[in-house]
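Below you'll find the structure, written out as structure tokens, and then a few comments.
The values are calculated or read from the model by the stated rules, or taken from the named source; none is laboratory data. Being a predicted model, the structure only gives us computed values, none of them experimental. We place every Cβ from the backbone using ideal geometry, glycine too, and count neighbours over all the protein chains shown. Quick note on the areas: whole protein, heavy atoms, side chains included, nothing else; ligands and nucleic acids left out. Shrake-Rupley method; radii C 1.70, N 1.55, O 1.52, S 1.80 Å.
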Amino acid sequence: MSFTRLSETHGEFYANGVAVTILGIDLPRAAIDIARENLSDARQPNMKIEEELITPYLGWFDWILDIFSVRFASLSGTWGFSPDSEKGVFAR
């Protein structure tokens with residue numbers, strides 16, 4: 001997980017999670033859930049997820065990965081209030 005500050009009141013973030021799937025059970029949890037929990041623990045205001053990626057993804061054949069696989073999830077987006085926004089102006 002990483003946070004980049006673009007101004008005093010906002011910035012960008014990146015978080016990821018990894019999970020092992022065995023017979024349809026994600027251990028310890030689904031990779032996307034792990035990435036989201038990491039973000040919620042950061043307690044940054046006004047977080048907006050702009051991109052979400054889960055790999056590997058095989059489309060209709062994704063059921064094959066439920067037998068055994070390692071899945072990676074990544075989230076990226078922005079946090080806070082930009083100086084151009086109404087709330088960002090009052091935060092100065």
(Q) Cβ contacts < 6 Å: first residue closer than 12 Å to ALA73 by Cα, restricted to segment 7-33; second residue in a strand (DSSP E or B) and among the polar types (S, T, N, Q), any location; separation 6+ or different chain. Result? (A) TYR14/SER2; TYR14/SER76; ASN16/SER74
Q: Assess whether PHE61 counts as being open to solvent by 80 Å² or more (accessible area, probe 1.4 Å) and at pLDDT 95 or above.
A: no
Q.
Checking the structure you have, find out if any residue of segment 50-64 is in a strand (DSSP E or B), over 25 Å from PRO83 (Cβ atoms) and aromatic (Phe, Trp, Tyr).
A. no
(Q) When you check ILE54 against the structure, is it surrounded by fewer than 12 Cβ atoms within 10 Å (Cβ to Cβ) and at pLDDT 90 or above, yes or no? (A) no
Q: From (1) assigned to a helix (DSSP H, G or I); (2) surrounded by 15 or more Cβ atoms within 10 Å (Cβ to Cβ), pick out the condition that doesn't hold for SER69.
A: (1)
Q) Assuming SER82 fulfils every condition listed in (1) without any contact (Cβ under 8 Å) to a residue 60 or more places away in the chain; (2) outside any strand (DSSP E or B) apart from one, which condition is it? A) (1)
Q: Give segment 20-50 a look and list any residue that's of a type in the set (Val, Ile, Thr) and touching a Lys or Arg at 6+ places or on another chain (Cβ under 9 Å), or say none.
A: VAL20, THR21, ILE32, ILE49
Q: Would you be able to tell me the number of residues in segment 1-31 that are of a type in the set (A, V, I, L, M), open to solvent by 30 Å² or more (accessible area, probe 1.4 Å) and not in a loop (DSSP other than H, G, I, E, B)?
A: 5
